[in-house]
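S.K.: Quick one: the structure is below, and I'll ask about it shortly.
The numbers here are math on the coordinates, done by the rules we state, and not lab data. These numbers come from a predicted model, not from an experiment. All Cβ positions, glycine included, derive from the backbone under ideal geometry; neighbour counts span all protein chains shown.
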Amino acid sequence: MYSIYQIIGVFWLLLPAGVSNMMPVFVKGVDVLNYPIDHGLKFGGKELLGPNKTWRGLFFGTIAGIIVVYIQVFLYPYVQKYALLDYSAISPLAIGFLLGFGALAGDSVKSFFKRRTGIQPGKTWWVFDQIDWIVGAFVFLALYHVFGLHVYVTGIILMGILHPAINIIGYVLGIKKNVF
């Protein structure tokens, strides 16, 4: 049986990755590094990642993850009972990078497979669009710390449920073009 402490702990752990995953939407109007990561390259006659995966999103998303971890380190004394990592003994730069870059790498890997299946950039690929960033963050974070299976399952379920809810809010506020 999961306790509320475990659920909050998983949310706290993945918060930098979630912010990183959202950041490219918030910096769309910024004209810095606004170049596709794949530079228009094709694989099997199809785009590698598509025009929506930019260096701008990767850069600002990764920076956002690092900033969130620095904030978590500052708040650690107040949330210590929930935390799954000892934030007093980590490198915020390293953990922020692993979670932020990992989330965006997971999203990019999913985009690669979306292009292979013929799904256009910006179109929904149900389930994978909800969990790609979570899996990517966990894979990269495993370079620092490996958790028990229950943490991974909780993360995928919890954040997989929260992700569509956040998309709906973004759509209502006019930040996102589509709900999912």
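S.K.: Using a 10 Å cut-off on Cβ atoms, rank the peptides 35-42, 102-109, 158-165, 135-142 from the highest mean neighbour count down.
M.R.: Details: 35-42: 13.6, 102-109: 24.0, 158-165: 15.4, 135-142: 21.0.
Put in order of decreasing packing, that is 102-109, 135-142, 158-165, 35-42.
S.K.: Which far-off residues, 5 or more places away or on another chain, put their amide H under 5 Å from the one on Thr54, with H placed in the peptide plane?
M.R.: When sequence neighbours closer than 5 places are left aside, the close amide H contacts are Ile37.
S.K.: So for Ser111, Ser91, fewest C-beta neighbours within 10 Å to most, what's the order?
M.R.: Ser91, Ser111
S.K.: If the chain between Ile157 and Val127 were fully stretched, how many nm would it gain, using 0.36 nm times the residue separation less the Cα-Cα distance?
M.R.: 9.7 nm
S.K.: Among (i) 10.3; (ii) 12.3; (iii) 10.8, which one is mean projected area of the Cα convex hull in nm² computed from these coordinates?
M.R.: From the options (i) 10.3; (ii) 12.3; (iii) 10.8, the structure gives (iii).
S.K.: Ok, one more. Can you work out the PRE-style zone for Phe113? Point 7 Å along Cα to Cβ, and I want the residues of segment 47-68 with backbone N under 20 Å.
M.R.: Within reach of a label on Phe113, which here means backbone N under 20 Å from a point 7 Å along Cα→Cβ, segment 47-68 contributes 47-54.
S.K.: A further question follows. Let's test the formula: R0 of 35 Å, r as the Cβ-Cβ distance of Leu93 and Val25. What FRET efficiency results, to the nearest 0.05? Write down the numbers at each step before the final one.
M.R.: Numbers: r = 24 Å, r/R0 = 0.69.
Rounded to the nearest 0.05, the efficiency is 0.90.
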